[in-house]
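Structure, as structure tokens:
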Ligand code: 5RP
């Protein structure tokens, strides 16, 4: 296992230790979240889970966890999920796995949110990781031009690029498309978040601000706890 995988696993296992019997638990998406799901399943706590993607729902179910629909079971006690960047105040970029919309829906329905990651995800300022932006497929090229304008208003010169895999546009679980914007430096994440949300056709973006209450970051020296 690589150092990054060892750190992801340690962070996921530490997060599983936060879960108590009977909780309603939000399950993130990605390789770090998968370590959490495995560790949670091993604890056999009788929890009910809400998944942020089809892939995570399938993993959780295969491990014997009970998965419910968001909204069928009341407020989520704790959601644990990975991130692509962890910046100041636990501001985050998420969506590298194209699950950002469902992730944000689940995070916003949760009493507590814990982000788990390997040490390389910590950054002094957000923006090196291209910011994922989910858009509806209809008219997406026009929407991309409007996104360009919104980025420009925030002094970001990046041109958003349609995410493609195996020659085909990536589709999210909801059937939408993803554009990635290589911002470089995001000086004012909240201003950019508002500008992007104001574009018709943008479903959501990967800036997760004021949502995480705790980060558990795997490092060479153990798991670091960070608060906003
Ligand atoms: C998926 C995400 C993931 O949490 C993020 O991409 C981190 O992935 P990984 O844990 O595999 O590094 O936001 O949409």
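The values are calculated or read from the model by the stated rules, or taken from the named source; none is laboratory data. In this text the structure is predicted, and so the values were computed from the model without any measurement. Here the Cβ positions follow ideal geometry from the backbone for every residue, glycine too, while neighbour counts run over all protein chains shown.
Here 98, 117 are screened, and the one residue that is part of a loop (DSSP other than H, G, I, E, B) and within 13 Å of the ligand (Cβ to nearest atom) is 98. Given the criteria in contact with a helix residue (DSSP H, G or I) (Cβ under 8 Å, 6 or more places away or on another chain), surrounded by 14 or more Cβ atoms within 10 Å (Cβ to Cβ) and within 16 Å of residue 129 (Cβ to Cβ), does residue 147 qualify? When the stated conditions are applied, residue 147 does not pass them.
Checked against the criterion of being within 28 Å of residue 11 (Cα to Cα), under 17 Å from the mean Cα position of the chain (by Cα) and not assigned by TED's automatic domain parsing to the domain that holds residue 96, the candidates 180, 213 yield just one match: 180. Applying the condition of being touching a helix residue (DSSP H, G or I) at 6+ places or on another chain (Cβ under 7 Å) and near the ligand (Cβ under 10 Å from one of its atoms) to the range 25-41 and asking which residue is farthest from residue 80 (Cα to Cα) yields 31. Out of all the residues in the range 132-147, is one or more over 15 Å from residue 202 (Cβ atoms) and away from the ligand (no atom under 12 Å from the Cβ)? So far as the range 132-147 goes, no, none of its residues is over 15 Å from residue 202 (Cβ atoms) and away from the ligand (no atom under 12 Å from the Cβ). Picking from residues in the range 136-148 that are touching a residue at least 40 places away in the same chain (Cβ under 8 Å) and outside any loop (DSSP other than H, G, I, E, B), the one that is nearest to residue 197 (Cα to Cα) is 147. Can residue 178 be described as surrounded by 16 or more Cβ atoms within 10 Å (Cβ to Cβ) and not in a strand (DSSP E or B)? Taking the combined requirement at face value, the residue does not satisfy it. Report whether or not residue 11 is part of a helix (DSSP H, G or I) and under 29 Å from residue 135 (Cα atoms). No, not satisfied. Residues in the range 57-72: is at least one closer than 21 Å to residue 121 by Cα, within 16 Å of the ligand (Cβ to nearest atom) and in the same structural domain as residue 19 (by TED's automatic domain parsing)? No - not one qualifying residue is present in the range 57-72.
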